[in-house]
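Undergrad: So that we are looking at the same thing, I have put the structure below in structure tokens.
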Amino acid sequence: MFAVLYTIALFIALLGQTNILLSTVGAGLRVDFALLIVVYFSLFWGSSRPVIVGFLTGLFQDALSSEVLGLNALSKTLTAFTVHTLCRNVQIHSVVAQWLFTGLAIVVDMLGRLIVMIIFQLNTFEPRIIVSTLVQQTLISLCLVPLVCRGLQALAKGLRVRQEKLPEGTTV
Amino acid sequence: MRILSERWKPIALSLCLILLALVCTTLQTRLTSSTLFFEKLVLSAVMPLQETIDNLVQGVRSFWQGYIDLLHIRGENLRLRQEADALQGKLHRYEEALLQQQRLRELLDLRAQVLPYPVVAEVVGIDPSQWAEAVIVNKGSFHNLRKDIAVVTHQGLAGRTVEVAPHYATVLLITDRRSAVDALVQRTRARGIVVGKSRRLCELRYVDFHEDIRVGDTIISSGLGEVYPKGLLIGTVVSVHQKSYGLFHEVEVQPAADLAKLEEVLVLIP
């Protein structure tokens with residue numbers, strides 16, 4: 001059932017991100033729904049699942065995107081690993097904690113991308129565009145992350161998916 | 001030992017997946033530039049659903065707009081009739097000019113200009129990455145599309161195809177940082193390269209410092225590079241910075257096509 005939960009979440013995220021009515025072309029007021037999915041699974045799921053979810057989400061995003069395959073897969077794997085490792089002793093049901101980890105995820109995702117772009121000599125952006133996109137994305141993501149987490153938890157409950165392993169120090 | 005392996009498992013797995021991602025990137029950047037089977041598969045799986053959602057929303061929207069439009073239809077009809085008359089006159093003049101140009105071409109013994117075959121495509125999605133300026137259209141290799149074909153709108157050049165699945169294709173817009181179009185300033189024939197600058201703007205690079213270029217100048221494609229046919233309208237110069245040093249002008253170009261509101265495009269198959 002976990003696979004069903006993840007597939008539904010991924011499909012909704014990808015459809016939201018590629019929809020011409022919900023999003024605009026290029027940078028601007030856009031939200032990386034796929035990243036929010038990764039944040040949710042990294043916070044609320046244990047074991048190796050967050051890392052696999054991060055990789056697969058990034059890979060599917062790459063396949064739909066015009067960017068090179070592997071760019072998002074790498075950055076989202078790194079993000080999932082970082083968030084999952086650091087949230088072990090944190091009360092993840094707190095909205096403040098979710099905001100903090102979302103902010104961290106956005107920064108790690110961006111850094112991961114930039115490093116790969118530099119390594120593979122791909123065209124990067126002007127610092128001005130990077131900063132403004134980072135700020136816009138962070139603000140929108142912070143507003144949306146509690147809703148995404150609640151929504152996915154409700155979906156998991158509806159599908160009767162039980163979290164096998166919770167991070168230490170957390171309660172359901 | 002078991003606790004240790006449990007502890008190291010996510011780290012080892014993360015490293016393996018990061019390596020795998022790097023292998024994917026290397027494969028696509030260094031070895032193959034064509035659309036991978038996996039990419040075609042995902043495009044073909046997600047986009048039909050997206051198209052259905054779009055059609056539903058468009059249906060509801062057009063129903064509502066149809067009702068609103070009925071209220072203004074008479075005035076609109078009169079205005080359109082007048083506009084059609086004016087356009088008819090213009091069309092006649094252009095037809096005359098085209099015939100004259102053909103005659104002159106033949107006279108000069110020039111090769112007749114081969115016009116590309118246009119395929120109408122609808123925009124059904126946008127690139128999921130906020131770092132890319134690209135759209136997804138509902139025509140693909142099944143409709144004779146292939147990689148690196150120019151895409152235009154009625155307003156001007158939009159971009160080129162970069163990934164082609166059987167029924168869908170990804171179009172990289174000219175404002176994307178990876179896009180480059182060899183261009184001419186229509187008035188002076190000064191040459192340069194239009195490069196995407198993101199945020200719906202382009203930059204005309206490598207225009208010689210001695211060339212005359214002004215705000216309002218029209219930029220067209222030069223036809224070099226075998227992707228974009230010659231003479232396609234790219235945009236208008238919105239700013240020119242003349243530095244006291246350097247070899248080139250710094251020119252910002254506003255694309256003629258409204259790339260934020262693309263709905264239908266023409267793919268120009270050579």
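Undergrad: Is it fair to say B:K261 is surrounded by fewer than 17 Cβ atoms within 10 Å (Cβ to Cβ), in the same structural domain as B:N144 (by TED's automatic domain parsing), under 16 Å from the mean Cα position of the chain (by Cα) and not small (G, A, S)?
TA: On the way: surrounded by fewer than 17 Cβ atoms within 10 Å (Cβ to Cβ): yes; in the same structural domain as B:N144 (by TED's automatic domain parsing): yes; under 16 Å from the mean Cα position of the chain (by Cα): yes; not small (G, A, S): yes.
Criteria met by B:K261.
Undergrad: Let me ask another. Going by what's in this entry, would B:L204 be described as among the hydrophobic types (A, V, I, L, M, F, W, C), within 14 Å of chain A (Cβ to nearest Cβ) and crowded, with 21+ Cβ neighbours inside 10 Å?
TA: On the way: among the hydrophobic types (A, V, I, L, M, F, W, C): yes; within 14 Å of chain A (Cβ to nearest Cβ): no; crowded, with 21+ Cβ neighbours inside 10 Å: yes.
No; evaluated as a whole, the condition is false for this residue.
Undergrad: May I ask you to verify whether A:Q121 is over 13 Å from the mean Cα position of the chain (by Cα), loosely packed, with under 15 Cβ neighbours inside 10 Å and not hydroxyl-bearing (S, T, Y)? So that I can check it myself, show each step before the final result.
TA: Values: over 13 Å from the mean Cα position of the chain (by Cα): yes; loosely packed, with under 15 Cβ neighbours inside 10 Å: yes; not hydroxyl-bearing (S, T, Y): yes.
So A:Q121 passes the test.
Undergrad: Any idea how many residues of the stretch B:24-52 are among the hydrophobic types (A, V, I, L, M, F, W, C), within 7 Å of chain A (Cβ to nearest Cβ) and in a helix (DSSP H, G or I)?
TA: Just the residues of the stretch B:24-52 that are among the hydrophobic types (A, V, I, L, M, F, W, C), to begin with: B:24, B:27, B:31, B:36-38, B:41-43, B:45-47, B:49.
From the residues that got through so far, the ones that are within 7 Å of chain A (Cβ to nearest Cβ) too are B:24, B:36, B:38, B:42-43, B:46, B:49.
If we keep only those that are in a helix (DSSP H, G or I) too, we end up with B:24, B:38, B:42-43, B:46, B:49.
Going through the stretch B:24-52 one residue at a time, the tally reaches 6.
Undergrad: Can we say A:G26 is modelled with pLDDT under 85, over 11 Å from the mean Cα position of the chain (by Cα), more than 9 Å from chain B (Cβ to nearest Cβ) and in a loop (DSSP other than H, G, I, E, B)?
TA: On the way: modelled with pLDDT under 85: yes; over 11 Å from the mean Cα position of the chain (by Cα): yes; more than 9 Å from chain B (Cβ to nearest Cβ): no; in a loop (DSSP other than H, G, I, E, B): yes.
So A:G26 fails the test.
Undergrad: Going by the conditions given, is B:Q155 touching an Asp or Glu at 6+ places or on another chain (Cβ under 7 Å), in contact (Cβ under 8 Å) with a residue 60 or more places away in the chain and in a loop (DSSP other than H, G, I, E, B)?
TA: Numbers: touching an Asp or Glu at 6+ places or on another chain (Cβ under 7 Å): yes; in contact (Cβ under 8 Å) with a residue 60 or more places away in the chain: yes; in a loop (DSSP other than H, G, I, E, B): yes.
So B:Q155 passes the test.
Undergrad: Restricting attention to the stretch B:230-252, does a residue exist that is within 14 Å of chain A (Cβ to nearest Cβ), crowded, with 16+ Cβ neighbours inside 10 Å and assigned to a strand (DSSP E or B)?
TA: Applying the first criterion (within 14 Å of chain A (Cβ to nearest Cβ)) to the stretch B:230-252 yields B:250, B:252.
From the residues that got through so far, the ones that are crowded, with 16+ Cβ neighbours inside 10 Å too are B:252.
So of that shortlist, the ones also assigned to a strand (DSSP E or B) come out as B:252.
Checking the stretch B:230-252: at least one residue is within 14 Å of chain A (Cβ to nearest Cβ), crowded, with 16+ Cβ neighbours inside 10 Å and assigned to a strand (DSSP E or B).
Undergrad: Across the stretch A:121-143, what is the total count of residues that are farther than 18 Å from A:Y40 by Cβ and part of a helix (DSSP H, G or I)?
TA: At the first step, the residues of the stretch A:121-143 found to be farther than 18 Å from A:Y40 by Cβ are A:121-136, A:139.
Filter once more, keeping what is part of a helix (DSSP H, G or I): A:127-136, A:139.
The number of residues fulfilling the criteria is 11.
Undergrad: Tell me which residues, restricted to the stretch A:55-99, are farther than 13 Å from B:T25 by Cβ and in a loop (DSSP other than H, G, I, E, B).
TA: A:S66, A:C87, A:R88, A:N89, A:V90, A:Q91, A:I92, A:H93, A:S94
Undergrad: Hey, can you tell me all the residues within the stretch A:100-120 that are more than 22 Å from B:L13 (Cβ to Cβ), part of a helix (DSSP H, G or I) and within 14 Å of another protein chain (Cβ to nearest Cβ)? Don't jump to the end; show me each part of the working.
TA: First, pick out the residues of the stretch A:100-120 that are more than 22 Å from B:L13 (Cβ to Cβ): A:100, A:102-103, A:106-107, A:110, A:114, A:117-118, A:120.
Now restrict to residues that are part of a helix (DSSP H, G or I): A:100, A:102-103, A:106-107, A:110, A:114, A:117-118.
Within the stretch A:100-120, A:I106, A:M110, A:L114, A:M117, A:I118 qualify.
Undergrad: So B:S14 fits all but one of (1) within 7 Å of chain A (Cβ to nearest Cβ); (2) touching a strand residue (DSSP E or B) at 6+ places or on another chain (Cβ under 9 Å); what number is the exception?
TA: (2)
Undergrad: Give me a count of the residues in the stretch A:53-97 that are under 30 Å from B:Y168 (Cβ atoms) and either more than 7 Å from chain B (Cβ to nearest Cβ) or touching a residue at least 24 places away in the same chain (Cβ under 8 Å) (or both). Even if it seems obvious, please write down each step before you answer.
TA: From the stretch A:53-97, those under 30 Å from B:Y168 (Cβ atoms) are A:53-80; that's our starting set.
From the residues that got through so far, the ones that are either more than 7 Å from chain B (Cβ to nearest Cβ) or touching a residue at least 24 places away in the same chain (Cβ under 8 Å) (or both) too are A:53-62, A:64, A:68, A:70-72, A:74-80.
Residues meeting the conditions: 22.
Undergrad: Of all residues being within 14 Å of another protein chain (Cβ to nearest Cβ) and over 22 Å from A:Q121 (Cβ atoms) in the stretch B:175-201, which is farthest from the chain's Cα centre (by Cα)? Just the residue, please. Quick ask: steps written out before the conclusion?
TA: To start, the set of residues in the stretch B:175-201 that are within 14 Å of another protein chain (Cβ to nearest Cβ) comprises B:175-180, B:193, B:195-201.
In the following step, the residues that additionally are over 22 Å from A:Q121 (Cβ atoms) were identified as B:199-201.
Working: B:R199: 14, B:R200: 11, B:L201: 13 Å.
Here the residue is B:R199.
The values are calculated or read from the model by the stated rules, or taken from the named source; none is laboratory data. The shown structure was predicted, so the numbers you read here are calculated from the model rather than taken from an experiment. In this analysis, Cβ positions are derived from the backbone assuming ideal geometry, glycine residues included, and neighbour counts consider all displayed protein chains.
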